[in-house]
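A short worksheet on the structure shown next.
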Amino acid sequence: MTRPVSSRPVSSRPVSSRPVSSRSAHGASLLLLALAAGCARTTVEGTSVGNPGLTAVRVAPADQLAPSSARLALGTLTAVGCGGGRQTLVAGVELDLLAPAQVALPAGALCGLELTPAAPLVVEGVDGLGASFRAALTLPTLNLVVQTLPVDGETSVLELATPGWLSPETFADGPLIEAGDPRHDGLVELVLSGAGLYPDRNGDLDLDDTEREDRRGEREDDDDDDDDDDDDDDAEDEIEEDDEPEGEPEDDDADEADEADEAD
């Protein structure tokens, strides 16, 4: 079983959105233990080796802005094993990306994560001058290629974007950014290109500069395919050039002979 530590339907409050009392914290600890005991023999590939891990799903901090809310309604979050196996980790919940949300990972070798949103990523707050800002970003499915991250009880962080991706200058042309706004697609690209999976060395479900240097997963890139297509096009052009008929020197020689006869 690999359900999130705390998940609720999309229509309810975000994951990890309520304060945790000492009693409920004890209950959460028991729940984590129960998850570990119940899932210790379940991996993406269906084998029985290792213990489940935990990943925190969050959004990178902004620059000179302190968002009060960052929410993502999730369709599915799927783990992809190195042997091609797939396992849905969580579905149909709203994630609080500031808390951050915590999701159990199956044990074994993890080679990919696939995040499919069900609604826009919404980040909002008030800047230092008291002005409100809001970005509602429509994200496509995010496929992260992971450089074989072994999961055996460790914690990790799945972070969207990179630090400083939002700043007061982002909202200089208006406090609201949504689909259709000229700034929208650029912010979406920042979220996707900056997304990564990182080992959480100290287990605090946060990232420092040192941990960010050890990026194990990043967005799947189609540029290689494009380069291959370009190479194929170049090869075809070379073939066409080779097939072009060369000049006909015999005809030129015949013309010169005719001119000589006329001169005589």
Can you work out which of the residues in the range 132-162 that are at pLDDT 95 or above and more than 21 Å from the chain's Cα centre (by Cα) is surrounded by the most Cβ atoms within 10 Å (Cβ to Cβ)? Phe133
Scan the range 107-124 residue by residue and report those that are surrounded by fewer than 18 Cβ atoms within 10 Å (Cβ to Cβ) and in contact (Cβ under 8 Å) with a residue 60 or more places away in the chain. Ala118, Ala119
Of the conditions (1) open to solvent by 40 Å² or more (accessible area, probe 1.4 Å); (2) at pLDDT 90 or above, Gly46 satisfies every one except a single condition; which number is it? (2)
Step by step: first the residues of the range 163-210, then only those that are touching a strand residue (DSSP E or B) at 6+ places or on another chain (Cβ under 7 Å) and farther than 25 Å from Thr141 by Cα, then the one that is surrounded by the most Cβ atoms within 10 Å (Cβ to Cβ). Which residue is that? Phe171
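Give the number of residues within the range 66-97 that are assigned to a loop (DSSP other than H, G, I, E, B), at pLDDT 95 or above and open to solvent by less than 30 Å² (accessible area, probe 1.4 Å). Steps first, answer last, please.
Residues of the range 66-97 that are assigned to a loop (DSSP other than H, G, I, E, B), as a first pass: 66-68, 82-85, 97.
Still in the running and at pLDDT 95 or above: 67-68, 97.
In the following step, the residues that additionally are open to solvent by less than 30 Å² (accessible area, probe 1.4 Å) were identified as 97.
Summing the residues that are assigned to a loop (DSSP other than H, G, I, E, B), at pLDDT 95 or above and open to solvent by less than 30 Å² (accessible area, probe 1.4 Å) in the range 66-97 gives 1.
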If you go through the range 48-65, how many residues are assigned to a strand (DSSP E or B), over 18 Å from the mean Cα position of the chain (by Cα) and of a type in the set (A, V, I, L, M)? 0
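Could you tell me whether Ala104 is open to solvent by less than 30 Å² (accessible area, probe 1.4 Å) and at positive phi? Break it down stepwise before answering.
Values: open to solvent by less than 30 Å² (accessible area, probe 1.4 Å): yes; at positive phi: no.
The answer is no for Ala104.
The values are calculated or read from the model by the stated rules, or taken from the named source; none is laboratory data. Because the structure is a prediction, the values reported are computed rather than measured. All Cβ positions, even for glycine, are placed from backbone atoms using ideal geometry, and neighbour counts span all protein chains on display. SASA here: full protein model, heavy atoms, side chains in, ligands and nucleic acids out. Shrake-Rupley method; radii C 1.70, N 1.55, O 1.52, S 1.80 Å.
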